[in-house]
Amino acid sequence: MEGETMFALTVRDFADHLVDEVAAATTAEVESGDSPRLACLLDRASRVGCDDAEILSAIVEVARAQNVLAGAQALLVRVADRVGIPVRKRLSMPSLLMEIGVAPAVAHRTVRNGRHAERLDSVARGMRDGYLSPEMADEVGRGVAAVDKRAPLDNPEKQTLARKLLLNSTPGEVKAAAKAEGIRLAAESDDPEAIPASENSELNEMTLTSDDEGRTVSSISLDALTGEELSAALDPLMRPVPQPDGSRDPRSTAQRRADALGQIVRTYLAGSERPTSGGVLPHVSLIVPTTGTPGDGVARLGFTGPVGSATVGLALCSSAVSAVVVDGEGVPLDVGREHRLMTPGIRKALAARDCGCAFPGCGRPVSWTDAHHIVPWSEGGDTSVGNGVLLCRMHHTLVHNSEWQVVPGDDGHPWFIEPGSSQPIRSHARRTLTSHTDAAA
Ligand SMILES: [Zn+2]
Ligand SMILES: [Zn+2]
């Protein structure tokens with residue numbers, strides 16, 4: 001490789017040695033049964049009479065080797081950061097690691113561990129000797145930082161706390177111990193100016209990650225005032241909505257809260273007064289391939305990745321979405337949304353007609369609704385009052401994801417047909433379902 005240094009060569013020799021160590025055992029090695037190579041242990045382990053202690057101690061030593069390598073990686077990353085490589089490459093350090101194939105969570109942790117090792121002697125030593133896993137090192141480093149925020153520590157106190165936290169045996173225990181320590185020290189501090197933890201916005205944090213199924217998972221910790229603002233914003237949007245037959249809203253409180261958050265985010269994205277990012281208003285990007293070989297034809301969202309056709313349909317009705325249609329080579333064909341989105345004039349007419357979500361029994365306010373195309377835009381449906389209907393996100397999702405149908409009625413209003421039924425229900429019909437069928441086309 002070009003520009004390889006002696007350091008890289010040393011590490012490469014080491015890696016090559018490890019690869020040799022696990023390369024499949026030869027017949028001769030298996031027959032002699034006394035080769036010290038790891039591969040021979042791996043092979044022998046499938047036979048009867050293997051030695052438990054030998055296998056277990058090999059597992060321990062491999063874990064230690066992993067820890068040593070993870071520690072070396074964290075220190076290297078810290079050096080890269082210090083000499084300014086990310087700045088020169090115009091990337092953050094975690095992004096740089098992700099570019100070379102490191103998983104996002106590991107990339108962020110590696111960067112943090114480099115900093116922890118720089119500040120905390122015991123963490124640096126544990127990483128170097130391999131008795132400290134990257135997960136533990138990170139939790140200890142974060143624990144010390146969290147305690148420091150609640151009750152400021154000087155350097156010797158930080159070193160002592162790190163050693164104390166290292167006595168725990170799992171990252172979970174370290175986290176709990178750090179929290180207890182923070183509360184204890186904050187209570188002990190006689191500083192009358194000290195902000196109680198419940199009101200300290202410096203302790204605020206929010207995680208946002210993707211799980212194995214591609215779902216977005218978040219945890220959030222807020223000070224009292226920000227928490228109050230969040231609750232106040234969510235509360236009116238969390239009200240239960242009765243079913244068309246008058247039965248209660250089947251959604252749990254947690255589901256209604258998540259739906260309310262989605263509503264707030266969409267309202268924000270649809271508004272014009274929001275800070276720009278790189279000169280453009282933040283928006284949701286949907287990349288839709290039109291042609292290409294099977295398997296390449298899956299649409300994807302900018303941040304969260306591949307999505308199915310029902311979600312694509314839903315997204316195409318949303319004003320917060322910029323759809324980019326690309327050909328088989330990924331070249332944009334159409335970035336316009338002028339023809340796809342209902343104009344303000346059409347939306348006004350729909351608002352006057354539907355007065356909110358038109359789904360039977362709903363009636364959520366106009367500002368909470370998407371303008372849905374009855375015949376999808378992607379199937380040639382036009383962008384007009386006749387082909388439009390206002391639906392809240394819950395009912396909009398239902399219409400896209402289930403067999404519920406919307407049909408324009410002769411009375412100029414949208415009518416709804418329940419799955420398995422042929423009897424249209426008029427928009428806003430509540431409890432007493434109509435038997436008047438001839439109004440629907
Ligand atoms: Zn729609
Ligand atoms: Zn609704």
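The values are calculated or read from the model by the stated rules, or taken from the named source; none is laboratory data. This is a predicted model, so every value here is computed, not measured. With ideal geometry, Cβ positions are generated from the backbone for all residues, glycine too; neighbour counts draw on all protein chains shown.
Quick notes on this structure:
- Any hit, the range 395-403, residues being part of a strand (DSSP E or B) and in contact with a Phe, Trp or Tyr (Cβ under 9 Å, 6 or more places away or on another chain): no
- Taking (1) modelled with pLDDT of 90 or more; (2) in a helix (DSSP H, G or I) in turn, residue 251 satisfies each apart from (2).
- Of all residues in the range 372-394, those that are free of Cβ contacts under 8 Å to residues at least 40 places away in the same chain and assigned by TED's automatic domain parsing to the domain that holds residue 349 have Cβ atoms under 6 Å from Cβ atoms of residues that are more than 16 Å from ligand 2 (Cβ to nearest atom) and β-branched (Val, Ile, Thr), 6 or more apart or on another chain, in 381/375; 385/346; 387/375.
- Residue 64 vs. criteria touching a residue at least 40 places away in the same chain (Cβ under 8 Å), among the charged types (D, E, K, R) and surrounded by 10 or more Cβ atoms within 10 Å (Cβ to Cβ): yes
- Top-ranked residue of the range 371-392 - restricted to ones that are assigned to a loop (DSSP other than H, G, I, E, B) and hydrophobic (A, V, I, L, M, F, W, C), ranked as farthest from ligand 1 (Cβ to nearest atom): 385
- Filter result (among the hydrophobic types (A, V, I, L, M, F, W, C) and under 22 Å from residue 112 (Cβ atoms)) within the range 49-77: 63, 65, 68, 69, 70, 72, 74, 75, 76, 77
- Among the residues examined, residue 106 does not qualify as over 28 Å from residue 138 (Cα atoms) and surrounded by 12 or more Cβ atoms within 10 Å (Cβ to Cβ).
- Test: residue in the range 229-241 that is at pLDDT 85 or above, surrounded by 13 or more Cβ atoms within 10 Å (Cβ to Cβ) and small (Gly, Ala, Ser): yes
- Residues that are assigned to a helix (DSSP H, G or I), of a type in the set (S, T, N, Q) and under 31 Å from the mean Cα position of the chain (by Cα), drawn from the range 108-133: 110, 113
One line per residue, one yes/no per condition, for (1) small (Gly, Ala, Ser); (2) modelled with pLDDT of 75 or more; (3) within 16 Å of ligand 2 (Cβ to nearest atom); (4) touching a Lys or Arg at 6+ places or on another chain (Cβ under 7 Å):
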position: 307; (1), (2), (3), (4): no, yes, no, yes
position: 325; (1), (2), (3), (4): no, no, no, no
position: 328; (1), (2), (3), (4): yes, no, no, no
position: 342; (1), (2), (3), (4): no, yes, no, no
position: 346; (1), (2), (3), (4): no, yes, no, no
position: 369; (1), (2), (3), (4): no, yes, yes, no
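- Yes/no for residue 364 being within 11 Å of ligand 2 (Cβ to nearest atom) and modelled with pLDDT under 85: yes
- Among residues of the range 268-305 being touching a helix residue (DSSP H, G or I) at 6+ places or on another chain (Cβ under 7 Å) and modelled with pLDDT of 80 or more, the one that is farthest from ligand 2 (Cβ to nearest atom) is 299.
- Pick from the range 17-33, criterion in a loop (DSSP other than H, G, I, E, B) and over 23 Å from residue 65 (Cβ atoms), ranking: nearest to the chain's Cα centre (by Cα): 26
- Near pairs, Cβ below 7 angstrom, 6+ apart or cross-chain, from the range 342-364 (within 15 Å of residue 406 (Cβ to Cβ) and assigned by TED's automatic domain parsing to the domain that holds residue 381) to any residue that is away from ligand 1 (no atom under 14 Å from the Cβ) and among the polar types (S, T, N, Q): 354/427; 358/427; 360/427; 361/243
- Scanning the range 397-412 for residues that are within 33 Å of the chain's Cα centre (by Cα) and exposed (fewer than 13 other Cβ atoms within 10 Å of the Cβ) returns 402, 403.
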